[in-house]
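See structure below.
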Amino acid sequence: MPIYFRETNVTVSDEPMFVISVAARLVEMHPQTLRYYERAGLVKPKRSRGSIRLYSQRDIERLKKIARLVDDLGVNLAGVEVIINLTEKLELMQQVLNENQIQLPEAVNEGSKFGQVPQAHGNGNELVRAPVKIQVRRPRKTTRTKITKE
């Protein structure tokens with residue numbers, strides 16, 4: 001008996017359905033730009049059996065975010081990678097909090113805007129500025145050897 005319907009855990013936004021030319025038109029970019037972003041690791045389209053790139057709706061949304069960061073805000077690709085990774089982690093943490101019905105105390109919600117957290121001692125209502133550590137990968141400096149003629 002042929003299978004007419006296959007139930008999967010893949011949501012509609014994860015279903016690879018757009019070839020590179022259609023995806024490029026949807027995000028108003030050149031197909032070569034999409035290939036470049038794939039090489040840079042910013043987007044990872046699925047591949048068909050014939051090795052054709054297939055983009056999902058989620059990939060399209062990610063490309064639109066990249067375009068906004070690069071074109072409108074002037075962020076370079078290294079910055080785009082950091083920003084997108086951080087926003088994805090924040091969204092995942094927010095989803096976990098929502099699923100477990102965990103709410104942050106009001107003092108943390110108000111203070112988090114300014115990098116502040118509740119003080120560990122005292123009456124608990126005082127806010128103290130917490131140090132924020134951000135790890136940034138920098139390219140290594142290469143040393144060039146000077147060639148002299150003898």
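Under a crude label model (7 Å from the Cα following the beta-carbon direction), how far is GLN32 from ILE84 in nanometres?
Going by the 7 Å Cα→Cβ label model, 2.0 nm.
Restricting things to Cα coordinates, could you compute the convex hull volume per residue of the range 12-100 in Å³?
Each residue corresponds to 108 Å³ of Cα convex hull volume.
Read-outs: derived from the displayed coordinates by stated rules, not from any lab. Small disclaimer: the values here were computed from a predicted structure and weren't measured. Neighbour counts run over all protein chains shown; Cβ positions are idealised from the backbone, glycine included.
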